[in-house]
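Participant: Let me give you the structure first, and then I'll get to my questions.
Read-outs throughout are calculated quantities, based only on the coordinates presented, and are distinct from any laboratory measurement. Please read all numbers here as calculations on a predicted model, not as lab measurements. Virtual Cβ from ideal backbone geometry, glycine too; neighbours counted across all protein chains shown.
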Amino acid sequence: MQIQQPDISRSVILSEQDIIAQTEQYVQKVLMGEGTGHDWWHIHRVRTLARTIAKNERANLFVVELAALLHDIADWKFHNGNQEIGPQTARAWLSSLHVDLADINHVCTIIKDISYKGAHVATPMKSLEGEIVQDADRLDALGAIGIARCFAFGGSRHQVIYDPSQKPIMHASFEEYQAKSNITINHFYEKLLLLKDRMNTVTGKKIAQERHTFMELFLNQFYTEWNGEFHQLD
Ligand code: ADP
Ligand code: NI
């Protein structure tokens, strides 16, 4: 009679530290070299920002780190608008590491809710951990890095940089937001300049204000140059 071997891999319980380290390696492998601003370094910055924000909050850091690491693992924008694929991919990964089901559910809810969906579409988060990761993700869309990412994304979609005849659209639904937007400068008005007033945490608001001011400066200079004008410096 054949003796059934215990499935050792199933009985190994990884520490939270190991789960985070393995998740980091996994995400790095999937997103390294991605060319639209949703690459590994975006994840790295979001994780760092999330930690900075979490220092001032009584949050579950394990969930914050996992959600920050996995939030763009399979973004709907790159999967035909499929909003389920992100949470599903994260769930499959975390299940393979035997993470506690409550934590998996929490992380997947954050990933499902985190995205911006248009100027007039509310995107409330269901937990403090979600609010922290959403703030961190949105902060990386602002400031100098936000500007760089915006043009990287626009280029990847063959968007026009600017067309003064095309006015920004304040999208009323997620469907509209998904369908329209093909002028990169308009994305500042349709999203980036609106984010400072949609921050959840006190720390997020402070960081957003600084980055917002920098984007306004950039846009002023952009229009100055567009109009063939210049600032007299002497
Ligand atoms: P979220 O994390 O809220 O889903 P996105 O992944 O849509 O945010 O956006 C991340 C960044 O990608 C944006 O902040 C922006 O820089 C860029 N981006 C997204 N859509 C556009 C667009 N239509 N034009 C230019 N940049 C865009
Ligand atoms: Ni992101």
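Participant: Let me check I've understood the local charge: for residue 44, count other residues with C-beta under 14 angstrom from its C-beta, Lys and Arg +1, Asp and Glu -1. What total comes out?
Facilitator: -2
Participant: Distance from the Cα centre of the range 149-171 to that of the range 51-117, in angstrom?
Facilitator: Distance between centres, Cα-based: 28 Å.
Participant: For the Cα atoms of the chain, what angle does the longest principal axis make with the long axis of helix 202-226, in degrees from 0 to 90, nearest 10?
Facilitator: Roughly 40 degrees, rounded to the nearest 10.
Participant: Moving on. Tell me, what HN-Hα J-couplings in whole Hz come from the Karplus equation 6.51 cos²θ - 1.76 cosθ + 1.60 at θ = phi - 60° for each residue of the range 64-73, using x for Gly and Pro?
Facilitator: Whole-Hz 3J(HN,Hα) from phi for the range 64-73: 4, 5, 5, 5, 4, 5, 9, 5, 10, 4.
Participant: Now for a separate question. With n ≥ 4 as the cut-off for DSSP H runs, can you work out [θ] at 222 nm for the chain, using -39500 (n - 2.57) per run divided by the number of residues, rounded to the nearest 500?
Facilitator: That comes out to -18000 deg cm²/dmol.
Participant: Could you please report the charge total around residue 53, scoring K, R as +1 and D, E as -1 over all other residues with beta-carbon less than 15 angstrom from its beta-carbon?
Facilitator: It works out to a net charge of +3.
Participant: Against the longest alpha carbon principal axis of the chain, how many degrees, from 0 to 90 and to the nearest 10, is the axis of helix 40-54 turned?
Facilitator: The angle comes out near 80 degrees.
Participant: Ok, one more. In what sequence, highest mean first, do 105-114, 51-60, 225-234 appear when ranked by Cβ atoms within 10 angstrom? Mind showing how you got there, number by number?
Facilitator: On the way: 105-114: 20.6, 51-60: 16.1, 225-234: 7.1.
Descending packing order for the listed peptides: 105-114, 51-60, 225-234.
Participant: Here is a follow-up. Rounding to the nearest 10 and keeping the result within 0 to 90°, find how far the Cα-based axis of helix 85-96 lies from the longest principal axis of the chain.
Facilitator: Once rounded, one gets 30 degrees.
Participant: Right, another one. Collect residues whose amide H, placed 1.01 Å from N in the peptide plane, falls under 5 Å from the amide H of residue 119; neighbours closer than 5 in sequence don't count.
Facilitator: Here 171 satisfy the definition.
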